[in-house]
Amino acid sequence: MLGKLDIQECLRDSPKFRCILESEEASIDQLEQKLDKILKVCGSMVDTGKTYVAQQSLFANSLWDLSAHFKEDPTVLSSLNKLIHSLQEMNKFHTILLDQASRTVLKNLTSFIKKDVKSVRDYKNHFEKISTEYDNVVLRNSQTPKSKTQEVKEVQNILMAVRSCFGHETLNYVNSICLLQTKKRHEILSTILSYMHACSTYYHQGTDLCSDLEPFFKTLADEIHDMSDETYRVEKELENRHANVGVEDRITIKHDQKTVPIMEGYLFKRTSNAFRSWHRRWFYLYRNKLVYRKRSGEEQETIMEEDLRICTVKPVNDGERRFCFEVLSPSKSHMLQADSKDMFEAWIMALQQGIGAAIQRISSTDFGGANERNSQRNPLDVPRKSNSAVVNNNNKIKKIRMWEQLLRIPGNNYCCDCKSLNPRWSSINLGITLCIECSGVHRSLGVHYSKVRSLTLDDWEPEIIKVMAELGNNVVNKIYEANVPEDFTRASEDCIGAVRESWIRAKYVDKKFVKGLPQFGNDGSPSSQNNRTSRASLMEVRKWSVRKMRRRPRSCDKKKFRPTPKTVEEASETSESGFEGDLTSAESSQKSVSLKRRRSVLLFGNDLDKESLDEAAIDLSSDQESTEGEEEGTVAEEDISKLKPNLLLYKAALAHNIPVMCEALALGADKNYVNTEDRGRSTIHQAVLSGSVMPCAYLILNGVKINAQDVNGKTPLHLATQEGHTAQVCLFLKHRADQHLEDDEGKVPLSMAEQKEHADIVTLLRLGRLNEEMKDSEHGISGDDMFNDVVRDFSQLACSHPEKLQRPKQDE
Amino acid sequence: MGTKDDEYDYLFKVVLIGDSGVGKSNLLSRFTRNEFNLESKSTIGVEFATRSIQVDGKTIKAQIWDTAGQERYRAITAAYYRGAVGALLVYDIAKHLTYENVERWLRELRDHADQNIVIMLVGNKSDLRHLRAVLTEEAKAFAERNGLSFIETSALDSTNVDTAFQNILTEIYRIVSQKQIRDPPEGDVIRPQNVEPIDVKPTVNSDGVRKQCCQ
């Protein structure tokens, strides 16, 4: 409109011009407002879009999370991944679109407003300014009086200048308006168009992507269809299962290839405490064991019976509850209850079969002596390997390890008497392993000669294991077979019974092959029947002693310093460092005797540990807590004239040297020997003073008098209490030592322990008394039971965590 | 050592626990021998005493284990709680610290004792009224929160001592007799579920009694 206006009209600044100008200005204002609104809306559109894109990307992420759920299901996983990928691709396109929107609409329109509209405004300002100026000048011109010609002239000049200026500004302004009005047409349209182009690109990208995906969508739809069919099928199938629900209990006895029944299911078990409550537990038979666990809460299984071979099962009909049966082992009895008669019968049958199978399996494979005679491999490799998977079961491992370890003691993998492979029996007082035939002969000798136990079936007290670990077939045969005549018929694997019996009798009862003590000078040694090596050198011997024994340190110590034979020699040298010069031991005699020529001391038990420590595989600790930290060394020397079996046993007990004790007993030492020169103490007193449980246990195994009193009236229990040897007190009480015997001062062990404030020993002694009291009463068993349990706890503790029993000592 | 009545229907093991000096030993001596000793020494290890009481015409023999409160006189803990069906957790109403330590003792019970063990919180020395440091209501509320029974006693003037033991033994009896389903009435409660293994030696040791062999 303004463009069409005559330029003269403008220059004249006519009312018409002004009117048009006003309307033009109003239109520009309107335009600006509208554009502002567009900008605002578009900005918020972009922002909302961005939020949407962000949410969609979160959505995709959450889908990724979901896909982790299907990581076991490759079909679903791959489809899902592809879908998520497409979704993310689409999201990317959307991001681009939003980006374009802000690039086109926002950028273009903003710059239109900022530049073009603003320049119109600028021109308007100039125009208005000059218009006012022009008005002023016109006014001034009109007011100038004629008289002032100079002034009139001046004003006229100004008027002309301002008018010209006004004309230019007016044109500028009008031009800018016209320009804007023409420009807005294409600016706005092109902006919208470019946005539409962006949209078009966006949809194109989408279409391309989707057409690419089309085949995938198709296959996926098919797959989904198959899956839903599958669901339908499964649903049908599951519905049919309801038919399986019966009134009867479900009994499942499967048999594995070895015909071992695999029975499992819920049973009620009665707790063994006073509450006698019944709990429902999931029971199963597994590797010759009866095991149970809770339905939920704990993963760990509990072993009810370690070894089915020593169990029996019997129905219990006299109780109030129905379907009860009892699983009995030598040490325990468990009351169990099935849900129904069928289950009850099935369980009893399964248990009986399990027991049978376990016995059979052990005898045929695990400890197969007969059918594996020719194989040289360690028979215990089998159970060990097969059990390695079940490491969680400490007890089981412990038992297996115990067998394994006992057979690893030098010589123990052959029967001590007939050399047949893989002995399964032992004589615990002799410290040897035996085959079943020889164990039969040993039994017939009577327990004062040999106490036979099964390596595989019996429970083993820790202190007996310690004694076993100290001895072993090699050590014992060095003593009992030291001197076998060439012509004597030894027992062999498959000899006839009479040969076996006469060999064993000669060996242990008559002790025919034991070498006597070395003879010295004029004092006629008791049992020497043969010449010993290097007799001449022995003539110089004046003293003898026994080496303190620490053959197999506790396994934790051993890790710190595993002594090689060499360091042992060094150690023994330093322990005798009081002696100057080199200690040339005599030609190592077969009798565990070595000779220190320079000092003329005959040392018993010196060469023993060299041999045994070579056996690095042995992990069985034989040492006792109370000797920990003890210096290696010897006990006080004795004059050679006193070298007799009795005193040798006496001294060896003090040195807790079981092999030398064994030798002394073989030489005919009296286990109850009383040393009149040493306060009338007997060997068992010396064993107590050694600080170790082993010599005490060894003597008890060999039938020593447990209540022997010395001249001061002190029993071994007195001494052990006095010395604070908790494990020994425990051992003596376990073997029913009499704690009511008073010493010369009228003290019983309990009062001594109270005086010494030794809490553990006080507890044990009082518990022993309580036990006696309870036994007196009619229902003695309960007290007895508790006593046995606590004593067992203590002796286990003494072996596994001896340091815990040391505490009270430190307090003193 | 308690009444020597050999006939009983039930035998319950009850342990006395709590801080040193709260009067556990005197509670025991008051209940079993009606004795009180103001200058009793610290208990070393465990002391035992028994006494029988009558509940519902049944004779219940309580075998009470009085344990050392002082850490250095305590023996191996597991033995204390083995087979225990009741526990008297004692504190001294005049020493707040002994009450604060009740939680510690409770934790020890939860760790070592049978989960069904009946626990009674006992505030002893109720005769020391002028020195009271633990309010009866506070202790009662604590006991309720923890599912314990509660009583205040004085071993010195005998207040509530018999009642405390009577109550806990009755409570145990109720639980045990409810659960006891198949045992004939004269059956002892702590029957041998865990019989010591007997190694049968074929030649000797045929006397068949429960005796350790291999001696």
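The values are calculated or read from the model by the stated rules, or taken from the named source; none is laboratory data. Quick caveat, the model's predicted, so the values are computed rather than measured. FYI the Cβ positions are ideal-geometry reconstructions off the backbone, even for glycines, and counts take in every protein chain you see.
Observations
- Complete set of residues in segment A:182-222 that are of a type in the set (A, V, I, L, M, F, W, C) and farther than 30 Å from A:S27 by Cβ: A:L209, A:C210, A:L213, A:F216, A:F217, A:L220, A:A221
- Candidates A:E757, A:E778 - the one that is assigned to a loop (DSSP other than H, G, I, E, B) and either modelled with pLDDT of 90 or more or under 26 Å from B:R72 (Cβ atoms) (or both): A:E757
- Positions within segment A:320-333 being at the interface with chain B (Cβ under 8 Å from one of its Cβ atoms) and either assigned to a loop (DSSP other than H, G, I, E, B) or of a type outside the set (S, T, Y) (or both), in sequence order: A:E320, A:R321, A:C324, A:P330, A:S331, A:K332
- Selected residue [out of contact with any strand residue (DSSP E or B) (no Cβ under 8 Å at 6 or more places or on another chain), within 25 Å of A:K671 (Cα to Cα) and more than 11 Å from chain B (Cβ to nearest Cβ)] from A:A727, A:A737, A:A708, A:A697: A:A727
- Output for segment A:480-520, where each listed residue is over 18 Å from A:L445 (Cα atoms) and touching a Cys at 6+ places or on another chain (Cβ under 6 Å): A:S492, A:E493
- For segment A:292-304, the set of residues classified as modelled with pLDDT of 80 or more and either among the charged types (D, E, K, R) or surrounded by 20 or more Cβ atoms within 10 Å (Cβ to Cβ) (or both) consists of A:Y292, A:R293, A:K294, A:R295, listed by residue number.
- One residue alone among A:K478, A:K451 is away from chain B (no Cβ under 13 Å), in contact with a Ser or Thr (Cβ under 9 Å, 6 or more places away or on another chain) and either surrounded by fewer than 18 Cβ atoms within 10 Å (Cβ to Cβ) or touching a residue at least 24 places away in the same chain (Cβ under 8 Å) (or both), and that residue is A:K478.
- Among residues that are under 30 Å from A:T104 (Cα atoms) and loosely packed, with under 13 Cβ neighbours inside 10 Å, A:S194 is not included.
- Matching residues in segment A:10-35 - criterion: being touching a residue at least 40 places away in the same chain (Cβ under 8 Å) and loosely packed, with under 13 Cβ neighbours inside 10 Å: none
- Just so you know, in segment B:44-73 the residues that are surrounded by fewer than 22 Cβ atoms within 10 Å (Cβ to Cβ) and assigned to a loop (DSSP other than H, G, I, E, B) include one that is nearest to the other protein chains (Cβ to nearest Cβ), and it is B:Q70.
- Selected residue (only one of A:L139, A:L159, A:L171 is in contact (Cβ under 8 Å) with a residue 24 or more places away in the chain and either surrounded by fewer than 15 Cβ atoms within 10 Å (Cβ to Cβ) or assigned to a helix (DSSP H, G or I) (or both)): A:L171
- Scanning segment A:427-436 for residues that are under 36 Å from the mean Cα position of the chain (by Cα) and either away from chain B (no Cβ under 14 Å) or within 14 Å of A:I504 (Cβ to Cβ) (or both) returns A:I432, A:T433.
- Enumerated strands (runs of 3 or more DSSP E) restricted to segment A:340-459, each holding at least 1 residues that are of a type in the set (F, W, Y) and at pLDDT 85 or above: A:425-427
- Criterion: within 12 Å of chain A (Cβ to nearest Cβ), of a type in the set (F, W, Y) and outside any strand (DSSP E or B) - qualifying residue of B:Y99, B:Y80: B:Y80
- Of the residues making up segment A:685-716, those that are buried (at least 21 other Cβ atoms within 10 Å of the Cβ) and either closer than 14 Å to A:L733 by Cα or in contact with a Cys (Cβ under 7 Å, 6 or more places away or on another chain) (or both) are A:A687, A:V688, A:V693, A:C696, A:A697, A:I700, A:L701, A:T715, A:P716.
Every residue, every condition in (1) away from chain A (no Cβ under 14 Å); (2) of a type in the set (S, T, N, Q); (3) assigned to a helix (DSSP H, G or I), yes or no:
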position: B:A141; (1), (2), (3): yes, no, yes
position: B:E144; (1), (2), (3): yes, no, yes
position: B:G147; (1), (2), (3): yes, no, no
position: B:F150; (1), (2), (3): yes, no, no
position: B:L156; (1), (2), (3): yes, no, no
position: B:T159; (1), (2), (3): yes, yes, no
position: B:T163; (1), (2), (3): yes, yes, yes
position: B:N167; (1), (2), (3): yes, yes, yes
position: B:E171; (1), (2), (3): no, no, yes
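- Matching residues, segment A:661-684, being farther than 30 Å from A:K507 by Cβ and either crowded, with 21+ Cβ neighbours inside 10 Å or touching a Pro at 6+ places or on another chain (Cβ under 7 Å) (or both): A:R681
- Unmet requirement for B:E35, which otherwise passes all of (1) in a loop (DSSP other than H, G, I, E, B); (2) farther than 24 Å from A:E754 by Cβ: (2)
- B:Y91 being within 14 Å of another protein chain (Cβ to nearest Cβ) and either touching a helix residue (DSSP H, G or I) at 6+ places or on another chain (Cβ under 9 Å) or exposed (fewer than 15 other Cβ atoms within 10 Å of the Cβ) (or both): no
- Within segment B:33-43, considering residues that are within 14 Å of chain A (Cβ to nearest Cβ) and surrounded by fewer than 17 Cβ atoms within 10 Å (Cβ to Cβ), the one nearest to B:T163 (Cα to Cα): B:S40
- Whichever residue in segment B:4-32 is part of a loop (DSSP other than H, G, I, E, B) and within 11 Å of another protein chain (Cβ to nearest Cβ) and, among such residues, is modelled with the highest pLDDT: B:D9
- Cβ separations smaller than 7 Å between residues 6+ apart or across chains give the following pairs from segment A:633-655 residues that are assigned to a helix (DSSP H, G or I) to residues that are of a type in the set (D, E): A:S641/A:D523; A:N646/A:D670; A:L647/A:E638; A:K651/A:E638.
- Within segment A:420-446, being without any contact (Cβ under 8 Å) to a residue 60 or more places away in the chain and β-branched (V, I, T) holds for A:I432, A:T433.
- Those residues of segment A:638-684 which are among the β-branched types (V, I, T), over 22 Å from A:N429 (Cβ atoms) and touching a strand residue (DSSP E or B) at 6+ places or on another chain (Cβ under 7 Å), in sequence order: A:I640
- Residue that is closer than 30 Å to A:V152 by Cα and of a type in the set (D, E), where the choices are A:E89, A:E72, A:E128: A:E128
- Count - residues of segment A:781-805 that are modelled with pLDDT under 70 and among the charged types (D, E, K, R): 4
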